[in-house]
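A.B. asks: First the structure, then my questions, so here it is.
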Amino acid sequence: MNIAHHSFLVRYRRMLCLLCCIGFTATAAQAQDVSALVAKVRAKIDQVNDYTAEGRLKTNIAFLKVPVSRIKTYFKKPDKFRLRKEGGISVLPKGGFSVNMQSLILFNDAMAIAAGDGVVDGVKTKIVKLLPNNENSDVILSTLYIDETNLLVKKAVTTTRENGTYDITLTYGQYAAYALPDKVIFAFNTKDYKLPKGVTLEFEDAEKPADASQLKNKKGKVEIVYSSYVINKGIDDAVFK
Amino acid sequence: MWTILQAELFKIFKRPRTYIAFAAIAALITMVQVGMKADGDSYVKFMLSTLGGNFDVQGKIMNGYLVCYIILQMLLVHVPLLVTLIAADTFSGEANTGTLRLLLTTPYSRTQWVLAKFTAVVIYTLLLLVWLAILALVLSMAVFGTDDLFLFKSDYVVLIRENDVFWRYCAAFGFAALAMITVAAVGFLLSIFADNSIGPIVATMSIIVFFSVLSTMNIPLYNTIKPYLFVTHMNSWKEFFDERVTENNEAVAGSIQYPMRIVHSVLVLGIHILVLLGAAVWFFRKKDILS
């Protein structure tokens with residue numbers, strides 16, 4: 001090995017070390033930024049101790065024919081949430097649907113990782129991945145699309161152990177100051193539905209309610225459009241029982 | 001005409017055989033209701049399991065409206081058999097007892113007798129359906145209460161709001177009346193050709209069973225004749241319990257998915273009744289009464 005080659009290797013190693021140091025510092029700084037952003041969003045949401053909201057629930061699932069229904073949702077800190085339909089039978093996606101704004105972001109025992117930038121409904125957002133530290137948590141991973149300017153979660157993609165992956169898209173209006181959405185669209189995967197004709201006693205040829213493409217993608221959607229909120233007026237615990 | 005109709009009604013309701021159908025319906029409905037009251041939750045659980053465990057369905061699924069639907073699904077296939085007991089006995093019963101000649105010595109025409117007897121059979125059929133409605137719907141509503149109707153079909157599930165259900169049952173029973181009158185017209189026509197009741201009763205039952213089996217077989221050869229069979233259209237009452245959906249798959253309250261299917265079935269059944277009754281009048285007027 002000649003001297004020129006040796007000095008090149010030394011310089012190369014120094015440079016590599018320097019780049020690594022810069023990289024680690026940048027990552028650490030980015031993680032700090034993201035944590036600070038999540039903390040700010042959390043603080044905004046934290047203004048709401050409880051709320052009662054009225055709205056309309058639309059269900060769009062290929063094999064379900066369900067009319068639009070009026071609903072009421074109740075929330076109380078830290079994680080009490082209840083959705084009630086005014087009378088009658090309600091059909092809601094299992095588990096995941098009880099996830100509300102507060103529980104989306106308020107789990108403290110999670111690590112925030114920056115995952116770049118994204119655009120939701122034409123709004124530039126920061127993508128943050130939340131990894132729960134608790135190994136037994138039902139939520140495996142939550143990806144949040146945060147509007148940095150207004151400190152609002154525009155979209156959340158949550159993967160759970162029991163109920164698969166679901167997307168929540170949030171649209172804000174007059175209650176944006178409290179980080180409470182006017183519209184929530186909840187999308188999730190559905191399984192096949194088929195009952196033997198011997199069970200339903202329907203031997204005549206039936207036509208499917210939706211077109212074949214809708215049945216193929218097996219994506220279900222539930223949409224809630226909130227008309228009004230009553231915020232921080234107190235709610236009896238009995239509502240959640 | 002009113003006098004002979006009264007006489008025919010008296011004859012029908014005097015016979016113990018008439019009440020077999022009422023007793024059979026009461027027994028069958030009570031059996032289903034007791035079963036649903038005792039173990040309805042297991043039935044609901046089984047049905048909900050077909051949703052793949054993806055959904056939380058809250059509310060009173062096992063209510064009077066669902067029980068009534070289950071009863072109608074099971075019973076409306078068999079009620080025609082009970083209708084034939086009386087309808088196929090109208091003329092053959094008279095021929096068997098030797099009163100047919102006597103009947104025709106009265107100052108009423110043969111056409112009037114046919115129409116009076118058919119009207120009496122229609123009244124019996126309607127009373128049977130009213131009895132079915134009282135037990136299956138009204139009693140179920142009283143025992144199980146009411147709520148939205150959550151129906152499990154083979155390929156999809158329909159949720160009909162509570163305030164949107166009752167009129168559907170009224171319409172379904174109205175449609176069922178038309179279907180039962182068609183069955184009665186078949187038995188009524190066959191009774192003209194026989195001198196005892198057994199033949200036309202068994203023949204009518206055989207026709208219903210044969211056509212029912214044919215209409216449930218999904219074979220291309222038979223599919224071409226299915227639309228012309230009255231039995232195929234007897235199940236159209238179920239169309240009242242299917243809602244139309246929007247592009248976003250939202251069910252439209254107060255709507256029917258395929259109203260034209262009902263109209264078509266009503267026309268087919270109506271034509272059957274008219275043709276069968278017309279044939280009965282024509283054959284009876286030509287009939288040589290020897291018994």
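Read-outs throughout are calculated quantities, based only on the coordinates presented, and are distinct from any laboratory measurement. Keep in mind that this is a model prediction, so the values were computed, not measured. Cβ placement follows ideal geometry from the backbone for every residue including glycine, while neighbour counts extend to all protein chains displayed.
A.B. asks: Of the lysine pairs in chain B, how many meet both conditions: Cα atoms under 24 Å apart, and a spacing of 8 or more in sequence or different chains?
C.D. replies: Counting lysine pairs in chain B gives 17.
A.B. asks: Also, I was wondering about something else. Stokes-Einstein at 10 °C, 1.306 mPa s, Kirkwood radius from Cα pairs: D for the stretch B:2-286 in µm² s⁻¹? Present the calculation step by step, with values, prior to reporting the outcome.
C.D. replies: Working: Rh = 20.6 Å.
Result for D is 77 µm²/s.
A.B. asks: Mean separation of Cα pairs under 8 Å and 6+ residues apart, divided by the residue count of the stretch B:164-291: what relative contact order is that in percent?
C.D. replies: So the answer I get is 32 percent.
A.B. asks: Just going by the charge dipole of chain B, with Lys and Arg at +1 and Asp and Glu at -1 on Cβ, which of B:Tyr228, B:Leu9, B:Phe283 is farthest out on the positive end?
C.D. replies: Towards the positive end, the residue furthest out is B:Phe283.
A.B. asks: Choose one of A:Ala179, A:Val41, B:Leu115: the residue whose Cα lies farthest towards the positive end of the charge dipole of the protein assembly as shown (beta-carbon charges +1 Lys, Arg; -1 Asp, Glu; about the Cα centre).
C.D. replies: Working it through, the farthest residue towards the positive pole turns out to be A:Val41.
A.B. asks: Taking the Cα centre of the stretch B:33-98 as the origin, how large is its charge dipole in debye, to the nearest 20, when only Lys and Arg (+1) and Asp and Glu (-1) carry charge on their Cβ atoms?
C.D. replies: That gives a dipole near 240 debye.
A.B. asks: Between the alpha-carbon centers of the stretch B:253-288 and the stretch B:182-217, tell me the distance in whole angstrom.
C.D. replies: When both Cα centres are located, 16 Å separates them.
A.B. asks: Another question, if that's okay. What is the fewest-to-most order of A:Ser137, B:Ser206 by other Cβ atoms lying within 10 Å of their Cβ?
C.D. replies: B:Ser206, A:Ser137
A.B. asks: Treat every Asp and Glu Cβ in the protein assembly as shown as -1 and every Lys and Arg Cβ as +1, leave all other atoms uncharged, and give the resulting dipole magnitude about the Cα centre to the nearest 20 debye.
C.D. replies: That gives the protein assembly as shown a dipole magnitude of about 260 debye.
A.B. asks: About its Cα centre, how strong a charge dipole does chain B have in debye, to the nearest 20, once Lys and Arg get +1 and Asp and Glu get -1 at the Cβ?
C.D. replies: Roughly 1160 debye, rounded to the nearest 20.
A.B. asks: Please determine, in degrees from 0 to 90 and to the nearest 10, the orientation of helix B:259-286 with respect to the longest principal axis defined by the Cα atoms of chain B, where the helix direction is its Cα long axis.
C.D. replies: Tilt of helix B:259-286: around 10 degrees.
A.B. asks: Cα axis of helix B:16-49 to longest principal axis of chain B: angle in degrees, 0 to 90, nearest 10?
C.D. replies: So the inclination is approximately 10 degrees.
A.B. asks: Still on this structure: Given the C-alpha centroids of the stretch B:67-113 and the stretch B:34-66, what is the distance between them in whole angstrom?
C.D. replies: Taking the Cα centre of each part, the stretch B:67-113 and the stretch B:34-66 sit 40 Å apart.
A.B. asks: Tell me, Kirkwood radius of the protein assembly as shown from alpha-carbon pair distances, in Å? Write down the numbers at each step before the final one.
C.D. replies: Values: mean 1/r = 0.0355 Å⁻¹.
So the Kirkwood estimate lands at 28.2 Å.
A.B. asks: Under the rule of -39500 (n - 2.57) per DSSP H run of 4 or more residues, summed and divided by the residues of chain B, what mean residue ellipticity at 222 nm is obtained, to the nearest 500 deg cm²/dmol?
C.D. replies: -21500 deg cm²/dmol
A.B. asks: Farthest toward the dipole's positive end in the protein assembly as shown, which of A:Thr143, B:Ala26, B:Leu75, given Cβ charges of +1 (Lys, Arg) and -1 (Asp, Glu) about the Cα centre?
C.D. replies: Highest projection toward the positive end goes to A:Thr143.
A.B. asks: What is the angle, in °, between the Cα long axis of helix B:110-133 and the longest principal axis of the Cα atoms in chain B? Nearest 10 is fine, range 0 to 90.
C.D. replies: Compared with the principal axis, the helix lies near 30 degrees.
A.B. asks: Something else about it: Give the cross-link partners of A:Lys72 among the aspartates and glutamates, using a straight C-alpha distance below 20 Å as the criterion and excluding same-chain residues fewer than 8 apart.
C.D. replies: Answer for A:Lys72, where 20 Å is the Cα cut-off: A:Asp50, A:Glu54, A:Glu86, A:Asp182, A:Glu223, A:Asp236, A:Asp237, B:Asp56, B:Asp147, B:Asp148, B:Glu162, B:Glu250, listed by chain and number.
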